[in-house]
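Comments concern the structure below.
Values in this text are rule-based calculations from the coordinates and carry no lab data. In this text, all values refer to a predicted model and were calculated from it rather than measured experimentally. With ideal geometry, Cβ positions are generated from the backbone for all residues, glycine too; neighbour counts draw on all protein chains shown.
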């Protein structure tokens, strides 16, 4: 036989590659922190006359006890203990720029809706990266250099917080390596009742990707933005209560007369900027955020092998 | 926000073009190596995540044991605008408020150039920070090793310990107080006892237990040495009027 129609001979009728109608997201840390009570929201700089918010810390409501005083004696004044933390809000922005040809041939990725969704996720994850970069700096530490994290380290951290009179609920932000070591330790050695409630699907939907569950009353989140310590010998996550980390943001003022921008949730500005002569369209997102350490004793760093 | 990650690529091969003639009658020319995205024999870049510069700092209560030595467990001020009141104007980073806030909490900032003379690179400004070749978006400590084509990071322990010892011997930071060592010893005793118990039942904990016991012994020996020289505080007797 001759003249069979084979796929190899249909070069003019077929494509080298066909694009799947679904896509895979490349690996990245997409953990966004929820409005957890352990994170202190210092406020919005909108109309505040400053990009910096000062959070006062005051020693009242039982900070100093009454002193036994003799009948008729004059009571001495108690000094008022106070301190403060400041958090400065800074601009965070990102831009993607696509040519007309790219948008024309786009199969559902290079378009405004996709970039707008990315702006929301990226804005939330940016806050996560700021908070994760603060948990390594508490003066109180548990764990040992070069030794894997254990459940005992986690308990030591909770005990240190309770000794320091920190009120729960606590939040733990650990590197996945640290959480993996603790989970393995639990699996190997746990006997008796351990109060660990793994994250259910419903909890993940509310608290986001990265929420691992609640362990002994502390909500555990993992993030790859947790920094290294000791010249990368270790990872330094942390457990903290309310007051350890303060954060602030700014509400967008959108007075763009061209109408080429939109404000998402009041906090993210997403704009489209066209460069006609180059046939390019930029999709730019902005968020205004800041985070800072608050009361040092409200947190404990967990420094364990990377 | 850490700088955006660049795609891993290759460092171009550094071979110089050479002149040649195409044939006896041909014109002279130079060899051309078109940029095909990967130079033959080029070294792949490290694939570690992008990370910005930072300032190291030491706290009197934070010490650890590494390589048989008690060294400060350094913290860092990540130089990210918006973090701890750090701001950026053009290329200039203003970290004055972050430094002041750290100092208020008892931290001692370590200047970039405060490294042992033997660790200084000839012809370069002394600094404990560096960027791997081809990755300007990555800033690491000079005691952190990264590898081509890999995300792996590890610590050059010997040189890092030298750096930490230099911080103390140069007088920038004080050696650990006796109470700090005692606190560290308590922590290590608890940890080593726990790991030793686990190692008896599960061999996977054996090496961690040995490491923790070795660290504990180092601190115990240092405390013993210190107690021979420490002078207790003096005071006056207290009388209570009953």
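Give the dimensionless ratio obtained when the Cα radius of gyration of the stretch B:108-242 is divided by 2.2 N^0.38 Å.
On the way: Rg = 21.5 Å, N = 135, 2.2 N^0.38 = 14.2 Å.
Here the answer is 1.52, to two decimals.
Other chains near B:221-228: what is the mean number of their Cβ atoms within 10 Å of each residue's Cβ?
What the average comes to for B:221-228 is 0.
Using a Gaussian network model on chain A with a 10 Å cutoff between Cα atoms, which of A:260, A:13, A:167 fluctuates the most?
A:13
Suppose only helical runs count, i.e. DSSP H with n ≥ 4. What mean residue ellipticity at 222 nm does that imply for chain B under -39500 (n - 2.57) per run, divided by all residues and rounded to the nearest 500 deg cm²/dmol?
Rounded to the nearest 500, the figure is -9500 deg cm²/dmol.
Could you give the semi-axes, largest first, of the ellipsoid that matches the stretch B:156-200, computed as the square roots of 5 times the alpha carbon gyration tensor eigenvalues and rounded to whole Å? Before the final figure, lay out each step's value.
On the way: eigenvalues 163, 53, 3 Å².
Each semi-axis is √(5λ); the values are 29, 16, 4 Å.
Between residue B:131 and residue A:75, what is the label-point separation in nm under the 7 Å Cα-to-beta-carbon projection?
In this crude spin-label approximation the distance works out to 6.2 nm.
Most mobile of A:64, A:219, A:255 per a Gaussian network model of chain A (Cα springs, under 10 Å)?
Comparing A:64, A:219, A:255 in the GNM, the peak value goes to A:64.
Using the alpha carbon gyration tensor of chain B, what are the three equivalent-ellipsoid semi-axes (square root of 5 times each eigenvalue), largest first, in whole Å?
Listed largest to smallest, the semi-axes of chain B are 50, 25, 17 Å.
At 222 nm, what helix-only mean residue ellipticity would chain A give, in deg cm²/dmol to the nearest 500, using -39500 (n - 2.57) for each DSSP H run of four or more?
Numbers: 5 runs with 60 residues, N = 306.
Taken over chain A, the calculation gives -6000 deg cm²/dmol.
Where the eigenvalues come from the Cα gyration tensor of the stretch B:45-106, what are the semi-axes √(5λ) of the equivalent ellipsoid, largest first, in whole Å?
Value: 25, 19, 7 Å, ordered largest first.
Taking only Cα atoms and a 10 Å spring cutoff, compute GNM fluctuations for chain A and point out the largest among A:189, A:126, A:224.
Evaluated over chain A, the most mobile residue of the options is A:189.
Take the Cβ-Cβ distance between residue A:60 and residue B:242 as r, set R0 to 35 Å, and report the resulting FRET efficiency rounded to the nearest 0.05.
On the way: r = 34 Å, r/R0 = 0.98.
Efficiency for this residue pair is about 0.55.
So how long is each side of the stretch A:247-306 along the principal axes, counting just the alpha-carbon atoms, biggest first, in Å?
55, 30, 14
Can you give the extra length, in nm with one decimal, that the chain gains between residue A:186 and residue A:251 once fully stretched, where that is 0.36 nm per residue apart less the Cα-Cα distance?
19.1 nm
Quick one: plug the Kirkwood hydrodynamic radius of chain A (C-alpha pairs) into Stokes-Einstein at 20 °C, 1.002 mPa s, and report D in µm²/s. Before the final figure, lay out the partial values.
Values: Rh = 23.0 Å.
This corresponds to a translational diffusion coefficient of 93 µm²/s.
Angle, helix B:178-201 long axis vs. longest principal axis of chain B, Cα atoms, 0 to 90°, nearest 10?
Relative to chain B, helix B:178-201 is tipped by roughly 80 degrees.
Fewest to most neighbouring Cβ within 10 Å: what's the order for A:286, B:119, A:175?
Result, fewest neighbours first: B:119, A:286, A:175.
Taking a virtual spin label 7 Å from the Cα of residue A:68 along the C-beta vector, which residues in the stretch B:206-241 bring their backbone nitrogen under 20 Å of it?
Output list for this probe position: B:238-241.
Viscosity 1.567 mPa s, temperature 4 °C: give me the Stokes-Einstein translational D for the stretch B:154-232 in µm²/s, with Rh taken as the Kirkwood radius over C-alpha pairs.
Numbers: Rh = 14.4 Å.
Answer, rounded: 90 µm²/s.
Given a Förster radius of 25 Å and the C-beta distance between residue B:231 and residue A:163 as r, what FRET efficiency does 1/(1 + (r/R0)^6) yield to the nearest 0.05?
0.25
Using the alpha-carbon atoms, what tilt in degrees (0 to 90, nearest 10) does helix A:151-163 show relative to the longest principal axis of chain A?
Approximately 50 degrees, to the nearest ten.
Quick one: grab the alpha carbon gyration tensor of the protein assembly as shown, order the square roots of its eigenvalues as a ≥ b ≥ c, and give me rounded if a/c is under 1.5, else prolate or oblate depending on whether a/b is larger than b/c.
Prolate, since a/c reaches 1.5 and a/b exceeds b/c.
Provide Rg over Rh for the stretch B:58-147; use the alpha carbon set for both Rg and the Kirkwood Rh (inverse mean inverse pair distance).
On the way: Rg = 15.0 Å, Rh = 15.2 Å.
The Rg/Rh ratio comes out at 0.98.
How far apart, in nm, are the 7 Å Cα→Cβ label points at residue A:155 and residue B:91?
5.4
Explain nothing, just the number: relative contact order of chain B, from Cα pairs under 8 Å at least 6 residues apart, as a whole percent.
It comes to 19 percent, rounded to a whole number.
Counting pairwise Cα distances across the stretch A:33-129, what percent come out greater than 22 angstrom?
Working: 2858 of 4656 pairs.
For the stretch A:33-129, the fraction of Cα-Cα distances above 22 Å is 61 percent.
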